[in-house]
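What follows is a set of notes on a single structure, which appears directly below.
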Amino acid sequence: MEARVGDRITMAGEHVGQRPREGTIREVRGEAGGPPYVVEWTDGHTGLIHPGPGSVLRCEHVEADTPS
């Protein structure tokens, strides 16, 4: 996975019935966009994540607006 600061990230729930967590990547500490990542979650908490085996992540690059 290659992430950049400002990307939106969704992490699947760890247990059945648990809702996915969504947040914004605030810092990329790994090489070439790899983990670990500092993520600000939508609930206001910030945490360091290092996705392990079985983790399901969707990372969306936020593209800069281009002038018209």
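Net charge in the neighbourhood of THR42 (other residues with Cβ under 15 Å of its Cβ; Lys, Arg +1, Asp, Glu -1) is 0. Computed with a 1.4 Å probe on the full set of protein chains, the accessible area for GLU14 sits at about 140 Å². The local environment of ARG26, defined by Cβ-Cβ distances under 14 Å, has a net charge of -1 under the rule Lys, Arg +1 and Asp, Glu -1. Other residues with beta-carbon under 11 Å from the beta-carbon of GLY13 carry, at +1 per Lys or Arg and -1 per Asp or Glu, a net charge of +1.
For segment 7-61, the fraction of 1.4 Å probe accessible surface lying on carbon and sulfur atoms is 48 percent.
The values are calculated or read from the model by the stated rules, or taken from the named source; none is laboratory data. Remember, predicted model here, so these are calculated numbers, not experimental data. Cβ: placed from backbone, ideal geometry, glycine included. Neighbour counts: every protein chain shown. Quick note on the areas: whole protein, heavy atoms, side chains included, nothing else; ligands and nucleic acids left out. Shrake-Rupley method; radii C 1.70, N 1.55, O 1.52, S 1.80 Å.
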